[in-house]
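The values are calculated or read from the model by the stated rules, or taken from the named source; none is laboratory data. Every value quoted in this text rests on a predicted model; they were computed, and no experiment measured them. Cβ placement follows ideal geometry from the backbone for every residue including glycine, while neighbour counts extend to all protein chains displayed.
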Amino acid sequence: MRDCLLFFVRHPEPGRVKTRLAGPASPELAAQFYAAMAEGLLDRLAGAIDADLLVCFTPPSREAAVRAWLGEDRLFLAQHGADLGERMANGFAEAFAIGYDRVVLTGSDIPGLTPAIVRWGLDALTPERAALGPAEDGGYYLVGFHRDGYVPALFDEAGWGGSGVYGRAVERLRGAGRAVAELDRLADLDTVGGLRTMLDSPDCPLAGRALTLARKVAGR
């Protein structure tokens, strides 16, 4: 079995990332926080999941900047597509074309994501079963497929920001004859309120520079 994690990142340009966090903070500070959060999560996962990790970046035109940011020693793959769904579908298609058998995809703004959860998602994959990690906001932070059970129609989603995304995903997968392995429910960080809730939690997963910047973004 060849396993792969597609780690989706966006070049941390102010005003282009985490714009809903730029309330009490500036776009520059929100972008700095996103960059630190993505770096910390990438370092936590790399080398700890017994699978290849491909950094899938957008926009494609910023490849040199992303490589300089995250390090030339990583595997990189540009995201392609008009929207998030198309970019995710293309990411899976490219990973299967490379020769991977089991692939999971996750975002770079999930501080609670651990290597154990990624491994759980990979190990759950069969031609008959996909994996989904539900997010607190009603979406999902991780999705995975076996190459012989891939359902590209999952990504034909009109409203990626809505609270019903996860439920519709489960329905589509089951409608395609796939069982769904549901992973732990985790929070992603899109709003200042969500960030403050995470900071107030005794189990806050943020640490180091990301934690310092998070407190500044939250106005703490």
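Of everything in region 71-106 that's of a type in the set (Gly, Ala, Ser) and buried (at least 23 other Cβ atoms within 10 Å of the Cβ), which residue is nearest to residue 205 (Cα to Cα)?
So the residue we want is 91.
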Inset, instruction - From the list 121, 133, pick out the single residue that is at pLDDT 95 or above, more than 12 Å from the chain's Cα centre (by Cα) and within 22 Å of residue 43 (Cα to Cα). - result: 121
Inset, instruction - Hey, can you tell me all the residues within region 153-189 that are assigned to a helix (DSSP H, G or I), under 25 Å from residue 20 (Cβ atoms) and of a type in the set (D, E, K, R)? - result: 168
Legend entry - Cβ-Cβ under 6 Å pairs, at least 6 apart or on other chains, region 114-125 side within 22 Å of residue 204 (Cα to Cα) and touching a residue at least 60 places away in the same chain (Cβ under 8 Å), far side of a type in the set (Gly, Ala, Ser) and surrounded by fewer than 17 Cβ atoms within 10 Å (Cβ to Cβ): 115/48
Legend entry - Matching residues, region 205-219, being surrounded by 15 or more Cβ atoms within 10 Å (Cβ to Cβ) and outside any helix (DSSP H, G or I): 205, 206, 218
Legend entry - Top-ranked residue of region 1-22 - restricted to ones that are within 15 Å of the chain's Cα centre (by Cα) and not in a loop (DSSP other than H, G, I, E, B), ranked as farthest from residue 84 (Cα to Cα): 4
Inset, instruction - Would you tally the residues in region 143-171 being within 14 Å of residue 85 (Cα to Cα) and charged (D, E, K, R)? - result: 3
Legend entry - From 181, 187, residue being of a type in the set (Gly, Ala, Ser), in contact with a Lys or Arg (Cβ under 7 Å, 6 or more places away or on another chain) and surrounded by 15 or more Cβ atoms within 10 Å (Cβ to Cβ): 181
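Filter region 190-204 down to residues that are exposed (fewer than 14 other Cβ atoms within 10 Å of the Cβ) and in a helix (DSSP H, G or I) and give me whichever is farthest from the chain's Cα centre (by Cα).
First pass over region 190-204, keeping only residues exposed (fewer than 14 other Cβ atoms within 10 Å of the Cβ): 193, 200-203.
Among the residues that remain, those that are also in a helix (DSSP H, G or I) are: 193, 200.
Working: 193: 20, 200: 23 Å.
Taking the candidates together, the pick is 200.
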Legend entry - Identity of the residue in region 23-70, among the acidic types (Asp, Glu) and under 15 Å from the mean Cα position of the chain (by Cα), that ends up nearest to residue 210 (Cα to Cα): 39
Inset, instruction - Output the residue which, of all residues in region 1-21 that are touching a residue at least 60 places away in the same chain (Cβ under 8 Å) and farther than 22 Å from residue 144 by Cα, is surrounded by the fewest Cβ atoms within 10 Å (Cβ to Cβ). - result: 20
Legend entry - Which numbered condition residue 49 fails, given (1) in contact (Cβ under 8 Å) with a residue 24 or more places away in the chain; (2) crowded, with 22+ Cβ neighbours inside 10 Å; (3) not acidic (Asp, Glu): (2)
Legend entry - Considering residues of region 131-170 that are of a type in the set (D, E, K, R) and surrounded by 13 or more Cβ atoms within 10 Å (Cβ to Cβ) only, the residue nearest to residue 4 (Cα to Cα): 147
Legend entry - Pick from region 52-70, criterion hydrophobic (A, V, I, L, M, F, W, C) and either modelled with pLDDT under 95 or closer than 28 Å to residue 1 by Cβ (or both), ranking: surrounded by the fewest Cβ atoms within 10 Å (Cβ to Cβ): 53
Inset, instruction - Could you tell me whether region 27-39 includes any residue that is under 15 Å from residue 65 (Cα atoms), in contact (Cβ under 8 Å) with a residue 40 or more places away in the chain and crowded, with 21+ Cβ neighbours inside 10 Å? - result: yes
